[in-house]
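No lab work stands behind these numbers, since they all come straight from the coordinates. The shown structure was predicted, so the numbers you read here are calculated from the model rather than taken from an experiment. When we count neighbours, we look across all protein chains shown, and the Cβ atoms used for this are built from the backbone with ideal geometry, even at glycine.
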Amino acid sequence: MGELRVLDRTGDTKLIWDTDKQDEVDAAEAMFNKLTKKGYLAYTVEKGGKKGEQVKKFDPELEKIILSPVVVGG
Amino acid sequence: MTYTYTGTGAWNVIWMDWNQGYITPVQPQISNEEYQRQRAEYTKEQKARLDALQAERDKAEATACDLLLDLIGEEQFAVYKETGRLLVKGREVDYLITREGGFVKRIEKDKVVDLCIHLAEQSVMPRTDSVIALKLFAEADEYAFNKKANRHGFVDRDRFQIPKAAVA
């Protein structure tokens, strides 16, 4: 079971996939690829406050992925 | 439709036709009571619209806070709620990320450097989402984080009041 959280104006949009269901994995991967092409940054995080790490490629085995919109210097 | 027309003669009539699109139609006169009623109705509509927008923003902020709580745990989240600041431990130095619009303090050994970095669309995003994005960025790729952030000078550590999260 994996979870994709996309930060947006509603707080975040959640997409959950089951690794046994290929259509769910494909939908999550499609969203991941679409948004990272737009410049979104993807991080994998684990529960319990561990530090996140950046991910470049979708991996359905990851527990949670957070997609953040573009960050700029102010 | 009625138009204001004060001229006489064919010349004025020609110009009247020529400029028809630019002439302001005469507004029908309304009573003061009617005007007050329309104004009150308009104000009520505007307030309802703004209240709905505010409710949406509050809901989005609550959702963002849930995610942050999930990431950092109750203890750190309580400090964040109270101070509006989140202490993030990078691989090299620590950062204080504020809820208010992209102000970040990089805490070095003997100085505090002000950085400015934020989401490109921060005006439409919940503030806590911005904090989450900066926290993840600083932890995952500290070099890129510092390269992207603009630096705004530094202040002495003594003059800067470090919140509880940084002292603990």
Percent RCO, i.e. relative contact order, over chain A, from Cα pairs under 8 Å lying at least 6 residues apart: 37 percent
query: In whole percent, what relative contact order does segment B:67-167 give with Cα contacts below 8 Å and a gap of six or more residues?
result: 26 percent
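Excluding B:Glu92 itself, calculate the net charge of residues whose Cβ lies under 11 Å from the Cβ of B:Glu92, where each Lys or Arg counts +1 and each Asp or Glu counts -1.
Residues near B:Glu92 contribute +1 overall.
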message: At a 10 Å Cβ-Cβ cut-off, how would you order B:Ile132, B:Ile72, fewest neighbours first?
response: B:Ile72, B:Ile132
task: Run the dipole for segment A:2-68 about the Cα centre, Lys and Arg Cβ at +1, Asp and Glu Cβ at -1, nothing else charged, and hand back the magnitude in debye, nearest 20.
output: 500 debye
query: Loop-only check: which trypsin sites (Lys or Arg not before Pro) in segment A:5-45 are DSSP coil with at most 13 other Cβ within 10 angstrom?
result: A:Lys21, A:Lys38
